[in-house]
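The values are calculated or read from the model by the stated rules, or taken from the named source; none is laboratory data. Since we're looking at a predicted model, the values are computed, not measured. For neighbour counting, all protein chains shown are included, and Cβ atoms are generated from backbone atoms with ideal geometry for every residue, glycine included. Note: accessible area is taken over every heavy atom of the protein model, side chains too, but ligands, DNA and RNA are not part of it. Shrake-Rupley method; radii C 1.70, N 1.55, O 1.52, S 1.80 Å.
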Amino acid sequence: MLLGAIDDRRGLPVAVRLLGHLAAAAAAAKLLLPAAPVWVWLVVVLALAWSMNLYNFMDGADGLAGTMTVFGFGAYAVAAMAADETGLALLAACAAGAALGFVPHNWAPARVFMGDAGSVPLGLLAGGLGLAGWSEGAWPAWFPILVFSPFVVDASVTLVRRALRGERLWQAHREHLYQRMVRSGFGHARTATLWPARWRPRRPLR
């Protein structure tokens, strides 16, 4: 969060930001999976770092990241309660509740913005709680990916397409699907309304 706040105000080199993200992801992975083999730990570190960055990538339209946070962490809370993981449910509910208070101020036209200081830690929390729920048996490994699929799919597909075209992946751009929706006439408010996943479980998670 502190690194993101500095980047928001003064700007930081890409390498510094990436090293900070990897350090935070490594610490979280070690805390959540202390006995995991090295190769599993490395995969988790990369997954958490990607989660941090994709959340940041998707924080580009008024109300979008905040609304996704309400739905995503709200789904975590419901699923954790169903699995009798009260502590995990409370953590997820706190994140969803905080976002619910933030969204009215961030809705188009936004008066308050999340920035790197908000989006990057939320990405780490989304990945970390998803991993914690899986390790505790609250949900299968695919559940966090499904819950945050609007962000995961958009950011991942956009990154792959840009990589195939040989573009510099660290440079700012306007090629995400949600950015195209905003430019095509949907606007910020309609894009944020239509975008988050409406998750409705059709079968038990376990």
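In the stretch 13-26, is there at least one residue being under 21 Å from residue 132 (Cα atoms) and open to solvent by 50 Å² or more (accessible area, probe 1.4 Å)? Yes, because at least one residue in the stretch 13-26 is under 21 Å from residue 132 (Cα atoms) and open to solvent by 50 Å² or more (accessible area, probe 1.4 Å).
Here is a list of conditions, (1) surrounded by fewer than 17 Cβ atoms within 10 Å (Cβ to Cβ); (2) more than 18 Å from the chain's Cα centre (by Cα); (3) at pLDDT 80 or above, and residue 138 meets all of them except one; can you say which number that is? Among (1) surrounded by fewer than 17 Cβ atoms within 10 Å (Cβ to Cβ); (2) more than 18 Å from the chain's Cα centre (by Cα); (3) at pLDDT 80 or above, residue 138 violates only (1).
Taking the criterion of being modelled with pLDDT under 90, open to solvent by less than 10 Å² (accessible area, probe 1.4 Å) and either of a type in the set (S, T, N, Q) or part of a helix (DSSP H, G or I) (or both), the residues of the stretch 58-72 that qualify are 64, 65, 66, 68. Looking across the stretch 33-57, the residues that are open to solvent by less than 90 Å² (accessible area, probe 1.4 Å) and among the aromatic types (Phe, Trp, Tyr) come down to 41, 50, 55, 57.
For the stretch 44-60, does any single residue satisfy the condition of being more than 28 Å from residue 100 (Cα to Cα) and not β-branched (Val, Ile, Thr)? Yes, the conditions are met somewhere in the stretch 44-60.
To keep it simple, each residue is scored yes or no on (1) modelled with pLDDT of 60 or more; (2) part of a helix (DSSP H, G or I); (3) surrounded by fewer than 15 Cβ atoms within 10 Å (Cβ to Cβ).
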| position | (1), (2), (3) |
| --- | --- |
| 116 | yes, yes, no |
| 129 | yes, yes, no |
| 132 | yes, yes, no |
| 159 | yes, yes, no |
| 180 | yes, yes, yes |
| 187 | no, yes, no |
| 196 | no, no, no |
| 202 | no, no, yes |
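Let's see how each residue does on (1) part of a helix (DSSP H, G or I); (2) closer than 26 Å to residue 146 by Cβ; (3) not β-branched (Val, Ile, Thr):
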{"site": "88", "(1), (2), (3)": "yes, yes, yes"}
{"site": "96", "(1), (2), (3)": "yes, yes, yes"}
{"site": "100", "(1), (2), (3)": "yes, yes, yes"}
{"site": "105", "(1), (2), (3)": "yes, no, yes"}
{"site": "108", "(1), (2), (3)": "no, no, yes"}
{"site": "113", "(1), (2), (3)": "no, no, yes"}
{"site": "119", "(1), (2), (3)": "yes, yes, yes"}
{"site": "123", "(1), (2), (3)": "yes, yes, yes"}
{"site": "126", "(1), (2), (3)": "yes, yes, yes"}
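The condition (being in a helix (DSSP H, G or I), at negative phi, in contact (Cβ under 8 Å) with a residue 12 or more places away in the chain and among the aliphatic types (A, V, I, L, M)) is satisfied by just one residue among 19, 42, 46: 46. Of 92, 75, all but one fail to be free of Cβ contacts under 8 Å to residues at least 40 places away in the same chain and buried (at least 19 other Cβ atoms within 10 Å of the Cβ); the exception is 92.
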